[in-house]
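**Q** Take this structure first; my questions come after.
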Amino acid sequence: MTHPTTTPTHCTDTPPTTPAAPFEQLAAQFDAFHAARTRTDLVARLYSAAMGEDYPHEVADSSSCDWPLLGLMAARLRMRRGQLLVDAGCGTGGIGLWLARALAARLAGFDISAVAVAQATARRPRFIAPADRAAFHVARLDATGLPDGCAHGIVCVDAFSIAPDRDGAMRELGRVLAPGGRLVMTRALRRGAVPAWEKQARAVGLTVEHVDERPAEPEMWERLYRLWTGHAEDLRRELGDVQARNMLREAHKMLPALPGRRAVLLTLRRPPQSPAAFGPAGTMTGPVRPSDDGSESSERTPQ
């Protein structure tokens, strides 16, 4: 997402956040971001130019998600027909909807932005029939509103880092994951940082099954950021001064940090023999209203 305030996040246009940022303020920032993006296809065209033939036009994402990542996530999830996939930080829904169709899965997506959730809901018929196989609702990563152990698979693309409480977000995603289920998530590290994901996974009863390197991702962000700066006037004209200013601020801050950056797809699994602490997997709810490791740099969130 674009960040309407202060400091830029990962290699992406995500609204920045601090641990003290209230849920309502962050939601309003993302609502403004998604509303601005509906007025123009300029940002999508810049992502397409940066990714080239790897840009998945149907998904229309504004994150690090490209064709290779979509295929890798589908393979790592290893889901069976009819199982429940959760898209955590779903944005406008393209990634979750594409994966649900490819895997013949049911889908429950959630995002902090009501505007994004409305857009994701409207996109369902283009991917899934009947459309009620997918449901979207407003929620946070640390308060999903989903039942215990309901998910056979969870996907979280560029969203984990904006959770004010990453440990809480990991506990919540672990709670939702059924025994034998897998959580696939993008993660990124600053140069020379030691990853903490083994410790984070173990703390919630998950194991690290795969760490897939994404060496081309930092180069993609570099191309994208240079496109943003090269189209500054176009961004101001089509998105407005606030959104353009946030994107350009991020580009100027993040470009020097890209060399040596490590990006991965992390696959975590709850062992099949996990104690029956949760109810049976497979329950899908309709829309529900919800009742950090310093080594990692910010990633992104809703697409």
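**Q** Tell me whether segment 116-135 contains one or more residues that are within 20 Å of Phe160 (Cα to Cα), hydrophobic (A, V, I, L, M, F, W, C) and in contact with a His (Cβ under 9 Å, 6 or more places away or on another chain).
**A** At the first step, the residues of segment 116-135 found to be within 20 Å of Phe160 (Cα to Cα) are 116-117, 120.
Of the ones still in play, those that are also hydrophobic (A, V, I, L, M, F, W, C) are 116-117, 120.
Checking which are in contact with a His (Cβ under 9 Å, 6 or more places away or on another chain) leaves us with 116-117.
The answer is yes; a qualifying residue exists.
**Q** Go through segment 52-69 and report how many residues are of a type in the set (A, V, I, L, M, F, W, C), crowded, with 17+ Cβ neighbours inside 10 Å and touching a helix residue (DSSP H, G or I) at 6+ places or on another chain (Cβ under 6 Å). Give the steps one after another, and end with the answer.
**A** Going through segment 52-69, the residues of a type in the set (A, V, I, L, M, F, W, C) turn out to be 59-60, 65, 67, 69.
Going one step further and asking which of them are crowded, with 17+ Cβ neighbours inside 10 Å, we end up with 59-60, 65, 69.
With touching a helix residue (DSSP H, G or I) at 6+ places or on another chain (Cβ under 6 Å) added as a condition, the list becomes 59-60, 65.
Result for segment 52-69: 3.
**Q** Kindly establish whether Gly180 is touching a Pro at 6+ places or on another chain (Cβ under 6 Å) and on the phi > 0 side of the Ramachandran plot.
**A** In short, yes.
**Q** Continuing with the same structure: When you go through Asp132, Asp165, Asp148, Asp142 one by one, which is the residue that is touching a Gly at 6+ places or on another chain (Cβ under 7 Å), farther than 19 Å from Arg269 by Cβ and open to solvent by 10 Å² or more (accessible area, probe 1.4 Å)?
**A** Asp142
**Q** In segment 171-188, which residues are touching a Ser or Thr at 6+ places or on another chain (Cβ under 9 Å), of a type outside the set (A, V, I, L, M, F, W, C) and under 13 Å from Thr207 (Cα atoms)?
**A** Pro179, Gly180, Arg182, listed by residue number.
**Q** Of these, His252, His231, which one is within 30 Å of Pro215 (Cα to Cα), at pLDDT 95 or above and surrounded by fewer than 16 Cβ atoms within 10 Å (Cβ to Cβ)? Explain how you work it out, then say what you get.
**A** Working: His231 fails: surrounded by fewer than 16 Cβ atoms within 10 Å (Cβ to Cβ).
Among His252, His231, only His252 is within 30 Å of Pro215 (Cα to Cα), at pLDDT 95 or above and surrounded by fewer than 16 Cβ atoms within 10 Å (Cβ to Cβ).
**Q** Go through segment 261-272 and give me each residue that's under 20 Å from Leu173 (Cβ atoms) and either among the polar types (S, T, N, Q) or assigned to a strand (DSSP E or B) (or both).
**A** Initially, segment 261-272 is screened for residues under 20 Å from Leu173 (Cβ atoms), giving 263-272.
Matches in segment 261-272: Ala263, Val264, Leu265, Leu266, Thr267, Leu268, Arg269.
**Q** Now for a different question. Return the pairs, sorted by first residue and then second, in which the second residue is open to solvent by 20 Å² or more (accessible area, probe 1.4 Å) and of a type in the set (Ser, Thr, Tyr), the first residue lies in segment 162-184 and is closer than 25 Å to Pro272 by Cβ, the beta carbons are less than 6 Å apart, and the residues are 6+ apart or on different chains.
**A** Pro179/Ser274
**Q** In segment 96-114, how many residues are closer than 26 Å to Gln25 by Cβ, among the hydrophobic types (A, V, I, L, M, F, W, C), modelled with pLDDT of 95 or more and crowded, with 21+ Cβ neighbours inside 10 Å? Steps first, please.
**A** Initial filter on segment 96-114 (closer than 26 Å to Gln25 by Cβ): 96, 108-114.
Checking which are among the hydrophobic types (A, V, I, L, M, F, W, C) leaves us with 108, 110, 112, 114.
Applying the additional criterion that residues be modelled with pLDDT of 95 or more yields 108, 110, 114.
The next check asks that each one be crowded, with 21+ Cβ neighbours inside 10 Å; those that pass are 108, 110.
Residues that pass the stated criteria total 2.
The values are calculated or read from the model by the stated rules, or taken from the named source; none is laboratory data. Only a predicted model underlies this, so the values are computations on that prediction, with no experimental measurement involved. Glycine also receives a Cβ, built like all others from the backbone with ideal geometry; neighbour counts cover every protein chain displayed. All accessible areas refer to the heavy atoms of the entire protein, side chains included, with ligands and DNA or RNA removed. Shrake-Rupley method; radii C 1.70, N 1.55, O 1.52, S 1.80 Å.
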